[in-house]
Amino acid sequence: MYTLLFDCLSTQFFQLEPQLIEITRGLIVVDSLSTATPYTPPSSTTAPSQGLPSLSVPETTSSEYWTYQNPQGRFRIPLPQGASLTQKLDNGAVYATPNQGQLVIMALENDAAVQGIVAQAVQGKNFHGASQLQSFTGNPVQVALYSSKNPETGVEYATLVGTLSGKTLLILLVLPTTEYQNASPWIEVFFTRIEAQ
């Protein structure tokens, strides 16, 4: 049995985690230390990944990541700390997130299906703008912000719609607008740690 210890300040974890992932992907068990190849860190933490690790099952919903593989791609999504699975879907999952949010992740069959669900999800909502983010594996992530008000409760909600260029992945994050500022640090980290192949 081998153990790899990764120790850092919690405030530095998300900055250093991509390097840890690259190191662990390059680990090889050998008979003697003299044949081991030393690790060379990538020149940038946003360099494209060499590919996601093989999945032994089509879908897992561990406490740290949601992973899924279908003919259109393989996806690995980091879950916010404290997220809990509330519903499994045929092609995705629904999670309760910190800050009273709900996260829906779906791997769909084609771009038309993605756009169809996006149209339904944002119908009647106010558009506030979109941002182009870059995941550390090199995937461009488009994140659009919408808002709406529940007519029964009067609560205002922010809806974030995340899509990846050329991929069939859809991410919907809904949370009360009063929680949006408090959630913004983990939301940005969440979108920039998405892996897609």
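The values are calculated or read from the model by the stated rules, or taken from the named source; none is laboratory data. Just so it is clear, the model here is predicted, and its values are computed rather than measured. Virtual Cβ from ideal backbone geometry, glycine too; neighbours counted across all protein chains shown. Each accessible area value is taken on the protein alone, full model and side chains, heavy atoms only, with ligands, DNA and RNA left out. Shrake-Rupley method; radii C 1.70, N 1.55, O 1.52, S 1.80 Å.
Residues of the stretch 158-184 that are touching a Phe, Trp or Tyr at 6+ places or on another chain (Cβ under 9 Å) and in a strand (DSSP E or B): Ala158, Thr159, Leu160, Val161, Gly162, Leu164, Leu169, Ile171, Leu173, Val174, Leu175, Pro176.
Quick grid of which residues meet (1) modelled with pLDDT of 95 or more; (2) open to solvent by 40 Å² or more (accessible area, probe 1.4 Å):
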{"residue": "Gln134", "(1), (2)": "no, yes"}
{"residue": "Leu160", "(1), (2)": "yes, no"}
{"residue": "Ser165", "(1), (2)": "no, yes"}
{"residue": "Thr178", "(1), (2)": "yes, yes"}
{"residue": "Gln181", "(1), (2)": "no, yes"}
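Just give me the residues in the stretch 96-131 being on the phi > 0 side of the Ramachandran plot and either open to solvent by 50 Å² or more (accessible area, probe 1.4 Å) or in a helix (DSSP H, G or I) (or both), in sequence order.
Here is the first cut: in the stretch 96-131, the residues on the phi > 0 side of the Ramachandran plot are 99-100, 124, 129.
Scanning the stretch 96-131 gives Gln100, Gly124.
Within the stretch 141-158, the residues that satisfy the criterion of being open to solvent by 40 Å² or more (accessible area, probe 1.4 Å), out of contact with any helix residue (DSSP H, G or I) (no Cβ under 7 Å at 6 or more places or on another chain) and under 21 Å from Met106 (Cβ atoms) are Gln142, Leu145.
Would you be able to tell me the number of residues in the stretch 167-176 that are within 13 Å of Gln115 (Cα to Cα) and either free of Cβ contacts under 8 Å to residues at least 40 places away in the same chain or open to solvent by 10 Å² or more (accessible area, probe 1.4 Å) (or both)?
In the first step, residues of the stretch 167-176 are kept if they are within 13 Å of Gln115 (Cα to Cα); the result is 167-172.
Adding the requirement that they be either free of Cβ contacts under 8 Å to residues at least 40 places away in the same chain or open to solvent by 10 Å² or more (accessible area, probe 1.4 Å) (or both) leaves 167-168, 172.
Residues in the stretch 167-176 being within 13 Å of Gln115 (Cα to Cα) and either free of Cβ contacts under 8 Å to residues at least 40 places away in the same chain or open to solvent by 10 Å² or more (accessible area, probe 1.4 Å) (or both): 3 in total.
Number of residues in the stretch 71-95 that are open to solvent by less than 60 Å² (accessible area, probe 1.4 Å) and not hydroxyl-bearing (Ser, Thr, Tyr): the value is 14.
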